[in-house]
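Here's the structure, in structure tokens; my notes come after.
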Amino acid sequence: MNFITNLIGGLSLGGIYAMIALGYTMVYGIAKMLNFAHGDIIMVGGYTILVFTARSVHPIIAIILSVIFCVALGISVEKVAYKPLRGSSPLAVLITAIGVSYLLQSLAQMIFGSGTKMVQGLDLGSFSIGSLKIGVSTVVTLIACFMVMIALNLFVKYTRIGRAMVAVSEDKGAAQLMGINVNFIIMITFAIGSALAALAGTFYLMRSPSMYSTFGSLPGIKAFAAAVIGGIGSIPGAMLGGILLGVVEVFAGASVLGPYTDAIEFAILIVILLVKPTGFLGKKRREKV
Amino acid sequence: MALLEVKNLEVYYGVIQAIKGISFEVNKGEIVTLIGANGAGKTTTMQSIIGLIHARSGEITYNGQLISGMPAHKIVHLGMTQVPEGRRIFSELTVYENLMMGAYTKKDKEKIKENLDEIYALFPRLEERKNQVAGTLSGGEQQMLAMGRAMMSNPDLLMLDEPSMGLSPLLVDQVFDIIKHFHEKGTTILLVEQNANKSLAISDRAYVLENGRIVLSGTGAELLASEEIKKAYLGG
Ligand SMILES: Nc1ncnc2c1ncn2[C@@H]1O[C@H](COP(=O)(O)OP(=O)(O)OP(=O)(O)O)[C@@H](O)[C@H]1O
Ligand SMILES: [Mg+2]
């Protein structure tokens, strides 16, 4: 019975990681950069929910506002910090992203202080099936994450913009020859990644409703590991990696290995990188002359 | 009036000057060829025209409109496109999806379908393999796909950068036949080739590029007969 509870909990946490990992992987695939500030978008989303729910705004509205705010923030960060560096060395972009991450965390500390704040109104209670007690939020998270992932896959596969995203990720120059506005596609990618981060942040808050300025760091780094495990740049890879890490985390946490959960997760990352450096579904670039 | 006009184009890669002030034009309905040895600057010229590279100085006009400095995707929307050097098909997409990417600037579904049928009629191989991932096509099939993809946008000006590169003689002939076919349909062609023999034979006019400069120009027939060309490009 415990097994089923853990499985549901693991898939649900995995869904959260997967949603965050999608942001890393899509931005990496399309803008060819590691957006280290991605985890902090989650934090900003969490604080947005805190601000609105504290003023008795309905949680659903607060979540929508948080998504909108994060999308605007993601697009702005890309415009102001990353776009001017397009074409410069990857190291410069990486350091800028780390800078953005610290900037957002510091701003959050200035505005909200360094203490922990509790978010109200996200506790959906729990229900029981026989001897099984399951949190409603766990199930909601699970369903929502899977719906979002299906929607994203359909979007990429069947819409004009989705196809353009694949084209840009493969060959920016050739994509431009098709008439694709690469800057616009990159902007859309950041918007989608930020929206997913805001949603993931909401679900993460449902698990433990305390907000602090480094709220996004741990899920951010785990989701990054998940993206690398799955093969960075690959959308199904991010989903797979996220779910794998979530399930491992919950099962390890419930076992005697509990205290070593994080270590186990990163050990998986290291092993995968040793055995298959491109991750599960990462692609080796084939060159054809 | 010239459809495409290039005036005093200078292009640099860092401090290295690849194009040293070239001028030429392509008139509506012509086939114009740029020939030149490896590293002469042919690809650089082609990419500068379409906006993938930005020139240091000089003017490029298309249909009388100044296009130098414009981003590539906007230039493509004006009705020109390019089959790039090395084909650059989207290897993860299927043949069909590649062709549809070529129609990205087009909104009219019926017209797209019409174009697609036409491309399939021209390249039956592509239709047979429409659901195959493009990266698994043979080199020749990839070249056909790159040409078909470019024509999906119904361009007024089609630029091709060494379309015969790496193909067997039979396929080279086929590529030139297809270029002629597009031309007969009213498409203006700017061609870059190392295969001077075949390209000059179908060209109205041609320019010879050497170290970033145009050193010779004339009609296709004139250049075919020229001693210099024979020595440098036609193997005697
Ligand atoms: N990205 C680049 N950075 C630096 N130099 C470059 C770059 N691309 C081309 N060049 C240089 O510019 C010159 C012209 O190159 P270009 O590719 O235009 O030649 P090409 O005529 O197309 O040659 P090929 O027939 O081999 O394709 C060459 O000397 C080349 O080394
Ligand atoms: Mg070239």
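Observations, loosely collected:
- Selected residue [of a type outside the set (Ser, Thr, Tyr), on the phi > 0 side of the Ramachandran plot and either within 13 Å of chain B (Cβ to nearest Cβ) or buried (at least 22 other Cβ atoms within 10 Å of the Cβ) (or both)] from A:Gly173, A:Gly179, A:Gly220, A:Gly193: A:Gly179
- Among (1) within 14 Å of chain B (Cβ to nearest Cβ); (2) under 29 Å from B:Leu99 (Cβ atoms); (3) of a type outside the set (Phe, Trp, Tyr); (4) touching a residue at least 40 places away in the same chain (Cβ under 8 Å) - the single one A:Thr159 does not satisfy: (4)
- Inside region B:195-205, residues that are within 16 Å of ligand 2 (Cβ to nearest atom) and among the hydrophobic types (A, V, I, L, M, F, W, C) make up a count of 1.
- Subset of region B:92-113 (residues that are open to solvent by 30 Å² or more (accessible area, probe 1.4 Å), within 18 Å of B:Ser138 (Cβ to Cβ) and within 10 Å of another protein chain (Cβ to nearest Cβ)): B:Glu92
- Test: residue in region B:135-143 that is touching a strand residue (DSSP E or B) at 6+ places or on another chain (Cβ under 9 Å) and either under 23 Å from B:Leu34 (Cβ atoms) or not small (Gly, Ala, Ser) (or both): yes
- When B:Lys28, B:Lys20, B:Lys42 are checked against the criterion of being closer than 19 Å to B:Asn195 by Cβ and modelled with pLDDT of 95 or more, a single residue qualifies: B:Lys42.
- Every condition in (1) within 24 Å of A:Met165 (Cβ to Cβ); (2) part of a helix (DSSP H, G or I) holds for B:Met144 except the one numbered (1).
- Test set (1) modelled with pLDDT of 90 or more; (2) within 20 Å of the chain's Cα centre (by Cα) - A:Leu274 fails condition number: (2)
- Taking first residues from region B:78-106 that are touching a residue at least 60 places away in the same chain (Cβ under 8 Å) and partners that are part of a loop (DSSP other than H, G, I, E, B), the Cβ contacts under 7 Å between residues at least 6 apart in sequence or on separate chains come to B:Gly79/B:Pro155; B:Gly79/B:Asp156; B:Met80/B:Pro155; B:Met80/B:Asp156; B:Thr81/B:Ser153; B:Thr81/B:Pro155; B:Val83/B:Pro163; B:Glu85/B:Glu162.
- On the stretch given as region B:156-194, residues that are closer than 13 Å to B:Gln143 by Cβ, within 16 Å of ligand 2 (Cβ to nearest atom) and open to solvent by 30 Å² or more (accessible area, probe 1.4 Å) total 2.
- Taking the criterion of being within 16 Å of ligand 2 (Cβ to nearest atom), of a type in the set (Gly, Ala, Ser) and within 14 Å of chain A (Cβ to nearest Cβ), the only residue of region B:20-69 that qualifies is B:Ser48.
- Among the residues of region B:26-67, the one identified as within 13 Å of ligand 1 (Cβ to nearest atom), outside any strand (DSSP E or B), within 26 Å of B:Ser164 (Cα to Cα) and in contact with a Ser or Thr (Cβ under 7 Å, 6 or more places away or on another chain) is B:Ile53.
- Just one residue in the set A:Ser106, A:Ser76 is at pLDDT 95 or above, farther than 21 Å from A:Phe52 by Cα and under 22 Å from the mean Cα position of the chain (by Cα); that residue is A:Ser76.
- Cβ pairs under 7 Å, 6+ apart, first in region A:255-272 and of a type outside the set (Ser, Thr, Tyr), second in a loop (DSSP other than H, G, I, E, B): A:Ile264/A:Leu257; A:Ile272/A:Gly279
- Within region B:86-138, the set of residues being within 16 Å of ligand 1 (Cβ to nearest atom) and either at pLDDT 95 or above or not in a loop (DSSP other than H, G, I, E, B) (or both) comprises B:Arg88 only.
- Residues that are open to solvent by 20 Å² or more (accessible area, probe 1.4 Å), away from ligand 1 (no atom under 16 Å from the Cβ) and in a loop (DSSP other than H, G, I, E, B) within region B:76-85 comprise just one, B:Leu78.
- Test result for B:Val11, surrounded by 19 or more Cβ atoms within 10 Å (Cβ to Cβ), under 20 Å from B:Phe182 (Cα atoms), in contact (Cβ under 8 Å) with a residue 40 or more places away in the chain and within 16 Å of ligand 2 (Cβ to nearest atom): no
- Test result for B:Gly148, within 19 Å of the chain's Cα centre (by Cα) and more than 16 Å from ligand 2 (Cβ to nearest atom): yes
The values are calculated or read from the model by the stated rules, or taken from the named source; none is laboratory data. Here the structure is a predicted model, which means the values were calculated and not measured. Glycine gets a Cβ as well: all are built from the backbone with ideal geometry, and neighbour counts include every protein chain shown. Surface accessibility is based on the protein's heavy atoms, side chains included, excluding ligands, DNA and RNA. Shrake-Rupley method; radii C 1.70, N 1.55, O 1.52, S 1.80 Å.
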